Each structure stands twice: as structure tokens, then as C-alpha cells.
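Remarks on the structure that follows.
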Amino acid sequence: MDIGILFTKGLAIFTLLGNAFLISLVLFYFLSRPIFERIMKCLSDYALILGLFVAASGTIGSIIYSEVVGFPACILCWTQRIFMYPMMFLFGMAVYRKERSIIPYSMMLAFIGGMIALYQWIKDMLALYSSITLPCPAVTLLPSCDKMYVLEYGYITIPMIALNAFMLIVIIMYAALRTRTYDK
């Protein structure tokens, strides 16, 4: 089996698990506040390590798609990378130095990157399931944003994989901010 297909299947499963976790978190918030609070406490305790894991996975995954699998990145993908790549290094340094002061900054980076991923995913879903289209910025020497290289389970595309990673980082950083245990 092709490495690109195996890699995509693995990422699709991790994305499904991430989506299930986020949906479960929302349900626990409304149906069982004590479980929600325990999950948020656990996320807060390991926020830097979890942030490093998610950001490194997103960074390495995008590099594998570009350099190993051969999917060229469009301008929206590059813009998302601008917000994901630095987080891997920020979290790495924060874990090494045991500093939690980067939490609000990484949350902001993840939120902005997530909004770009959400736009691209909505654009893809509208193009796939309706006749409505959203604009794709045209940039010389970069491929069009209109081409979908991945579609798993009817909704998981590369932008959804990125959106899932960004949302996980936002939730993890929000959990850390709630505890107010980060350095000022």
C-alpha cells in the first residue's frame, strides 16, 4: 500500500478521535460538570507537553504531505503553517525551561490558524456538497486551493486535520489559562 494512503488513513483516525474528544468535552460540560472539570485539570497539568505533541505532529505531518507524499501546499495551507510551525519550537522551549508564559500566545496562534483552516474546510465542503463556492486566493507559483488531495469519511480533508490540531491546542491552552498557574 502507498505510504500516502497509509499516512492519510492514520491521520484520519487521529482526526476522528480528536473530533470525538472535542464533542465529548462539550457534552461533559453540559451533562457532567465534575467530569469536565477533571478533564480540564488534566489538560492543564500537561498543557505544555500536550501542546508540543500536537504542534509537532501537525508540523511533521504537513512536511510529510509536502515532501514525502508530494502534495503541494496552496496559499491557505502555507498560511496555516505560519501559525503551526512556530508553536512546535515555542512549546519545545517552554517544556525545556518549564515556562508556562507562552500559553496565551500559543492559544492566539492556534485560534488564528484554526480560523484559516475552518475557512478552507468550509470552502472544500461547499465545493464538494453544493454549488456554492468561496474564493481561493490566487498566488503565482502556488497551486490552487480548490484541489482536494484527501477526503476520508466524507468530511476529513487536510484542512480538517489542521483544524482539529488547532482546536485541540486552543482547548488545551484554555484549560491551562483557567487554572491561572502560568507565569505572568
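Each reported figure results from applying straightforward, stated rules to the coordinates on display, with no laboratory input. Remember, predicted model here, so these are calculated numbers, not experimental data. Ideal geometry is used to build each Cβ from the backbone, glycine not excepted, and the neighbour counts take in all protein chains shown.
Observations on the model:
- Annotation for segment 56-74: at least one member residue is touching a Leu at 6+ places or on another chain (Cβ under 7 Å) and closer than 22 Å to GLY4 by Cβ.
- Consider segment 40-57 and keep the residues that are closer than 12 Å to PHE91 by Cβ and of a type in the set (Ser, Thr, Tyr). The one that is surrounded by the fewest Cβ atoms within 10 Å (Cβ to Cβ) is TYR46.
- Residues that are loosely packed, with under 15 Cβ neighbours inside 10 Å and over 30 Å from LEU141 (Cβ atoms) occur at least once in segment 76-93.
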